[in-house]
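Presented below is the structure to which this report refers.
The values are calculated or read from the model by the stated rules, or taken from the named source; none is laboratory data. In this text the structure is predicted, and so the values were computed from the model without any measurement. Neighbour counts are summed over all protein chains in view; Cβ atoms, including those assigned to glycine, are modelled from backbone coordinates with ideal geometry.
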Amino acid sequence: MKSTQWKRLAILVAGFVLSIVFLWLALRQVDQAGLHSAFYSLRIFSIFWCAIFLAAGVAMRSVRWGTIARLGWTEQTHFFRASTLGVFSNLIFPIRAGEVVRVFTLTKLNGTSLTLPIASALLDRLADLFMLLLAALVVYWISPIGTLVGSWMSTMFIVASTILVLVALYARSSGFGEALVTSLLSRTLRRWPVRPDLFLSEFRTELHHLLKGLFSLRLVTIVLVIMVLDYAAFKMLLDAFQLHLAPEAPLVLWVFLAAGSALPSAPGYVGVYQVAAVWALSLFAVPASVCVALATTLQLTILVVSVLMVGPGAWSICRRALNTSK
């Protein structure tokens, strides 16, 4: 077995082990009767509205990606298709394989090179990171448990700012980070249908072009709309389990789940969502059994929403995209 295959296998195993550990941490506090009671008390109407808001959030994220890429509305359907396939793939494949799927899907649909999809996807994920930072900042300001996330938020701010500065320097300077980026990407790029030297040159140009519109009013508005939709989705999720908590509770839950989803894990973030929900809602004295039921319901709801948004042929499309990336 080649070294790259060993590395891929090691990451895969690490993701599953992490999910198993997290699932054990969450389930060890759960009593079976409480879990059954939580599912039995579920309000389907609230879950329906949760699904509506989740679907709207996915759609708006595709608009955000298209806005970052600075393409016209005629190509927006391609971003929507690629985004929904990415969400679906993250639920059925491990270690966030959906990121690869959405990039290659957009490349195929647009009929362009890989540089624009990869550059715009990188900045799109940076927008996610700063959105998480903004939500954590709001929690820090308005919530009595804000001090618990203070040091974590400072670390995240430093990391996010450092990444953005490095990306900006790489995009604007002809020499900064050239050797490092080439070393990191050259082996991977050899397996893709691109010339590494040509790709890196185009990649720098695309980043420089896209960074100019990263903080536009339109993009900031889209980010705020996404946050409102996510808040509404988690508010409906809490209502589905008849949890009438403080106004900041949906935001706290969102912050913990979003931070957890960045970790490599088994398909569908199994274990990660469960322990994140337990940690977040334990701050509001919610029983662990209810937290696990809530996280599991969220995972199933996202799966149903993504399947409906992707439509028929989802599995075959994702598989082709993954095979292309190898």
Criterion violated by ALA82 - all others in (1) out of contact with any Lys or Arg (no Cβ under 6 Å at 6 or more places or on another chain); (2) surrounded by 24 or more Cβ atoms within 10 Å (Cβ to Cβ); (3) at pLDDT 90 or above satisfied: (1)
I'd like the full set of residues that are part of a loop (DSSP other than H, G, I, E, B) and of a type outside the set (A, V, I, L, M, F, W, C), limited to segment 246-286. PRO247, GLU248, PRO264, SER265, GLY271
Kindly indicate the residue of segment 104-114 that is assigned to a loop (DSSP other than H, G, I, E, B) and not polar (S, T, N, Q) and also surrounded by the most Cβ atoms within 10 Å (Cβ to Cβ) among those meeting that condition. LEU114
Output for segment 100-136, where each listed residue is basic (Lys, Arg) and under 15 Å from the mean Cα position of the chain (by Cα): ARG102, ARG125
Do the conditions hold for LEU132, that is, is it part of a helix (DSSP H, G or I) and either in contact with a Leu (Cβ under 7 Å, 6 or more places away or on another chain) or without any contact (Cβ under 8 Å) to a residue 40 or more places away in the chain (or both)? no
Could you please find all residues in segment 105-127 being more than 19 Å from ARG204 (Cα to Cα), touching a Leu at 6+ places or on another chain (Cβ under 8 Å) and touching a residue at least 40 places away in the same chain (Cβ under 8 Å)? THR105
Tell me yes or no: at least one residue of segment 299-309 is at pLDDT 90 or above, of a type outside the set (Gly, Ala, Ser) and touching a Ser or Thr at 6+ places or on another chain (Cβ under 6 Å). yes
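Quick one: would you say ARG70 is at pLDDT 90 or above and in contact with a Gly (Cβ under 8 Å, 6 or more places away or on another chain)?
No; evaluated as a whole, the condition is false for this residue.
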Out of all the residues in segment 65-75, which are surrounded by fewer than 17 Cβ atoms within 10 Å (Cβ to Cβ) and touching a helix residue (DSSP H, G or I) at 6+ places or on another chain (Cβ under 7 Å)? ARG70, GLU75
Which one of these is touching a helix residue (DSSP H, G or I) at 6+ places or on another chain (Cβ under 6 Å), closer than 23 Å to ILE302 by Cα, surrounded by 18 or more Cβ atoms within 10 Å (Cβ to Cβ) and modelled with pLDDT of 75 or more: SER46, SER62? SER62
